[in-house]
């Protein structure tokens, strides 16, 4: 076992010239610019790096012609040991372990390949270091609403049958552990979601960083998203869950800014509606915004998907508000089927 990943530092995206991911993250999601070159944006502790076709990140090949997440940066206590172990196990290390000194301090980092398609991982020792690993120039901050607090979870789309291998890799290499999505769940099989209503079935497997992590990210490997796999030309990051302290305010903000939320199945049972009312929310208002709520005994979870910010309507962002809830609750099947139905409607259109 290597040193455990402590928290997610940032997500790096690559998009062809002429697309507007960076602008949309600012105007529609409340992110604010941090630095320029590849443009870094932040909202709370969520940091996104956008490479707009100006040159490959870390001088790595950007042969992939579709916009996509290209790199995840994790804080790791012992970068060198982990890099050597990964290399010995056959993992590519396109950027060997380096120690660098910038004005923000000194740090050690490496970049390694992953089994998640062309998604690379930057392993960075954050202690005593504040900043990025490239020569960025500070830019004037544009004040925005700041609806997002941090990255709650990452979802990888993978081909059928590959989720166990993906899970074991993140477990062995970065210290992730299985997070059960249903009672008695088999870690190898995950949560099986049956096909229905014209939607394909599949499986979900969830992992989380150790309990003492700075930020409780989780990673879900899933066989859903066949359209994503075709469009992306393989496995990759299919959606990002962003924590928000007020999902109603955040949802209204992104809608007002010109995007929309996917129409999820509204809560209809009387018991569910009473449950929603105990949280101080009105069922009809949540339904209007497409927000799902799940929970019990004072622990609640609210979730909604917002439209892709890419030209291709495949990659999604999710807003999630946790009120003492962990995991993903019973909403997971409804979310799966709602997204699948939306994908089917988009394909028909």
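Structure above, values below:
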item	result
Residue in region 70-97 that is surrounded by the fewest Cβ atoms within 10 Å (Cβ to Cβ), counting only those that are assigned to a strand (DSSP E or B) and in contact with a helix residue (DSSP H, G or I) (Cβ under 9 Å, 6 or more places away or on another chain)	96
Criterion (part of a loop (DSSP other than H, G, I, E, B), modelled with pLDDT under 65 and surrounded by fewer than 16 Cβ atoms within 10 Å (Cβ to Cβ)) met by exactly one of 268, 326	268
Residues of region 1-19 that turn out to be more than 24 Å from residue 78 (Cα to Cα), at pLDDT below 80 and either crowded, with 21+ Cβ neighbours inside 10 Å or under 19 Å from the mean Cα position of the chain (by Cα) (or both), as a count	1
Boolean, residue 86 is farther than 24 Å from residue 242 by Cβ, in contact with a strand residue (DSSP E or B) (Cβ under 7 Å, 6 or more places away or on another chain) and at pLDDT 80 or above	yes
Number of the exception - residue 110 against (1) at pLDDT 85 or above; (2) over 25 Å from residue 317 (Cβ atoms); (3) not in a strand (DSSP E or B)	(3)
Residue within region 272-281 that is farther than 30 Å from residue 77 by Cβ, part of a strand (DSSP E or B) and modelled with pLDDT under 65 present	no
Residue list for region 119-144, restricted to those being at pLDDT 80 or above, closer than 14 Å to residue 57 by Cα and part of a loop (DSSP other than H, G, I, E, B)	119
Selection status of residue 220, surrounded by fewer than 18 Cβ atoms within 10 Å (Cβ to Cβ), under 22 Å from residue 327 (Cβ atoms), touching a strand residue (DSSP E or B) at 6+ places or on another chain (Cβ under 6 Å) and modelled with pLDDT under 80	no
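The values are calculated or read from the model by the stated rules, or taken from the named source; none is laboratory data. Note that the structure is a prediction, hence the values are computed from the model and not measured. Note that each Cβ is placed from the backbone with ideal geometry, even for glycine, and that neighbours are counted across all protein chains shown.
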